[in-house]
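A quick write-up on the structure given underneath.
The values are calculated or read from the model by the stated rules, or taken from the named source; none is laboratory data. The structure displayed is predicted, hence computed values, not measured ones. Using ideal geometry, Cβ is built from the backbone for each residue, glycine included, and neighbour counts are taken over all protein chains shown.
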2 protein chains.
Amino acid sequence: MFENVTIVGVGLISGSFALALKEKGFAKNIIGVSRTQASLDKAKELGIIDEALPLEEAVKKSDFIYVAIPVDVTIPVMEQIMNLVTDKQIVADAGSTKYVLCKALENHPKRKRFVATHPMWGTEYSGPEAAVRDAFTGRSCVICEKEKSDEDALRTVEKIYRELGMHLTYMDAENHDIHAAYVSHISHITSFALANTVLEKEKEEDAIFELAGGGFESTVRLAKSNPSMWAPIFMQNRENVLDVLNEHISQLRKFKSCLEKENYDYLRELMENANKISRIIK
Amino acid sequence: MFENVTIVGVGLISGSFALALKEKGFAKNIIGVSRTQASLDKAKELGIIDEALPLEEAVKKSDFIYVAIPVDVTIPVMEQIMNLVTDKQIVADAGSTKYVLCKALENHPKRKRFVATHPMWGTEYSGPEAAVRDAFTGRSCVICEKEKSDEDALRTVEKIYRELGMHLTYMDAENHDIHAAYVSHISHITSFALANTVLEKEKEEDAIFELAGGGFESTVRLAKSNPSMWAPIFMQNRENVLDVLNEHISQLRKFKSCLEKENYDYLRELMENANKISRIIK
């Protein structure tokens with residue numbers, strides 16, 4: 001049980017994390033840090049945080065600091081935090097990219113107080129209103145470069161995620177970013193692009209509204225995601241995302257060619273191959 | 001209330017439709033027709049149908065015949081059915097393409113006994129086991145060329161879908177196929193292609209299994225769909241699907257170019273535009 005926990009960012013991930021910390025009895029007092037006063041007010045109103053403080057004050061007061069803000073802002077903010085912490089405090093982040101951050105912190109004198117994590121959960125919504133109870137249960141959480149964290153910091157963070165019902169997976173930051181491109185970032189790109197496709201082609205918005213079934217909704221829902229969150233993710237992981245995106249465009253071209261040439265057999269073959277995803281996603 | 005209803009095909013759509021007909025008191029006896037004995041046995045076991053009969057026998061005995069089989073097979077089967085029906089019987093289909101079928105039937109002497117429909121509901125599963133109760137509630141149903149159906153046939157089919165909780169929308173077959181390409185068929189293509197992308201790039205299947213979050217699942221779940229159902233849909237609607245697919249590839253190329261050129265502002269702009277889909281898909 002921590003006396004004081006700071007969450008930096010009071011949105012979807014940090015908010016859901018704060019609610020879970022309270023529920024599981026990990027935190028007595030939760031301090032919110034955000035550049036946006038309205039978000040702090042909302043987070044307080046929703047019972048996500050107990051108080052709001054400026055970053056420095058919050059960090060100094062806290063046993064545990066959890067950072068979940070856009071990945072481009074994470075780096076300078078994390079450096080600020082790491083310059084403040086003592087050997088007793090624990091810092092963790094929840095960013096969707098890990099390589100650039102880990103690289104930026106690798107030589108920091110307090111690196112060992114930091115645990116690099118990525119809980120694999122999210123929705124297309126953002127802000128404190130998007131925070132939900134029981135968000136992480138049954139999902140995976142990646143911990144990167146565990147050997148670079150102090151034993152006590154690592155154990156504490158592992159214990160929290162396990163109590164939240166997450167499965168822990170360990171990998172280096174480079175591999176994390178490759179896998180994240182495959183299983184998360186590309187899904188967001190395709191969804192954003194699909195929304196633009198339909199908005200471009202389908203001028204009769206009423207028709208979309210009337211006709212769109214569950215299939216369309218599920219492939220396009222990620223297109224509602226927050227650009228401030230996702231643009232920096234794509235940029236930080238651009239080489240891996242480009243690699244997967246190129247492959248995806250070439251896979252789409254195969255479908256295109258089947259339709260152009262009316263090659264029914266190859267079309268079926270492509271679809272049967274895609275069906276193999278059932279082995280992986282139940 | 002019909003004495004006898006035939007469902008041709010005993011899968012996801014026809015099976016769910018049969019369950020709804022029974023529940024709403026529209027049918028006393030439901031007859032299943034299928035080329036696959038195992039499906040008929042399963043449908044009977046699941047209480048979807050009361051009996052199984054060969055097509056001709058089933059049609060002759062029925063007041064209402066509902067056809068929900070792959071769209072390529074629908075045309076010859078529908079011609080067979082239309083050759084059998086009297087001016088008292090009603091026939092409807094549930095196919096995802098409407099133009100080719102309506103064209104094939106336009107000069108049939110019994111055309112007026114047929115109502116061309118497309119209930120906009122489905123899941124990625126198929127077969128009688130995929131049938132669910134309360135499937136169509138709250139979804140849209142397109143009725144095409146209503147002026148080509150007899151008044152009584154149209155009214156009956158409308159009444160059934162309304163009782164099932166569907167909103168009715170009317171359009172010609174050509175427009176239906178254009179809209180269906182935008183709001184349904186392209187989602188399936190992107191999902192199939194995304195599954196192939198990930199299966200191709202991500203050789204470590206365990207990593208996908210471990211890491212895949214809700215976002216990936218929702219964009220890729222349609223890739224589990226049945227190729228026997230979807231390959232004929234793409235082929236029958238190939239011109240519209242190609243048109244949307246070309247647009248989609250060009251939208252993906254914009255994301256690619258932003259990443260290649262590190263054009264952060266344009267990337268954000270693309271994503272902000274995609275966010276407009278929130279206006280349409282709640």
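A few comments on the model shown:
- Taking the stretch A:210-227 as the range and being at the interface with chain B (Cβ under 7 Å from one of its Cβ atoms) and at pLDDT 90 or above as the test, the residues that pass are A:219, A:220, A:221, A:222, A:223, A:224, A:227.
- From the list A:125, A:170, A:182, the one residue that fits, being of a type in the set (Phe, Trp, Tyr) and farther than 30 Å from residue B:193 by Cβ, is A:170.
- Cβ separations smaller than 7 Å between residues 6+ apart or across chains give the following pairs from the stretch A:66-80 residues that are over 17 Å from residue A:99 (Cβ atoms) to residues that are in a helix (DSSP H, G or I) and of a type in the set (A, V, I, L, M, F, W, C): A:66/A:17; A:68/A:13; A:68/A:17; A:69/A:77; A:80/A:55.
- Residue pairs whose Cβ atoms lie under 6 Å apart, separated by 6 or more positions or on different chains, with the first residue in the stretch B:257-282 and within 7 Å of another protein chain (Cβ to nearest Cβ) and under 19 Å from residue A:236 (Cα atoms) and the second in a helix (DSSP H, G or I) and basic (Lys, Arg), are B:259/A:238; B:270/B:254.
- The residue list A:155, A:133 contains one member that is outside any loop (DSSP other than H, G, I, E, B) and either within 16 Å of residue B:218 (Cβ to Cβ) or of a type in the set (Lys, Arg) (or both), which is A:155.
- Of all the numbered requirements in (1) closer than 25 Å to residue A:102 by Cβ; (2) touching a residue at least 40 places away in the same chain (Cβ under 8 Å); (3) assigned by TED's automatic domain parsing to the domain that holds residue A:69, residue A:139 misses one, and that requirement is (2).
- Filter result for residue A:63 (assigned by TED's automatic domain parsing to the domain that holds residue A:166 and either more than 24 Å from residue A:154 (Cβ to Cβ) or surrounded by 23 or more Cβ atoms within 10 Å (Cβ to Cβ) (or both)): no
- Residue in the stretch A:96-109 that is in contact with an Asp or Glu (Cβ under 8 Å, 6 or more places away or on another chain), surrounded by fewer than 24 Cβ atoms within 10 Å (Cβ to Cβ), touching a residue at least 24 places away in the same chain (Cβ under 8 Å) and not in a helix (DSSP H, G or I) present: yes
This table checks each residue for (1) in contact (Cβ under 8 Å) with a residue 60 or more places away in the chain; (2) small (Gly, Ala, Ser); (3) in contact with a helix residue (DSSP H, G or I) (Cβ under 7 Å, 6 or more places away or on another chain).
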{"residue": "A:113", "(1), (2), (3)": "no, no, yes"}
{"residue": "A:120", "(1), (2), (3)": "yes, no, yes"}
{"residue": "A:123", "(1), (2), (3)": "yes, no, yes"}
{"residue": "A:155", "(1), (2), (3)": "no, no, no"}
{"residue": "A:174", "(1), (2), (3)": "yes, no, yes"}
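- Selection within the stretch B:168-217: residues that are surrounded by fewer than 20 Cβ atoms within 10 Å (Cβ to Cβ) and of a type in the set (S, T, N, Q). The member of this set that is nearest to residue B:245 (Cα to Cα) is B:175.
- Exclusive hit being buried (at least 16 other Cβ atoms within 10 Å of the Cβ), closer than 17 Å to residue B:26 by Cβ and touching a Gly at 6+ places or on another chain (Cβ under 8 Å), set B:135, B:131, B:153: B:131
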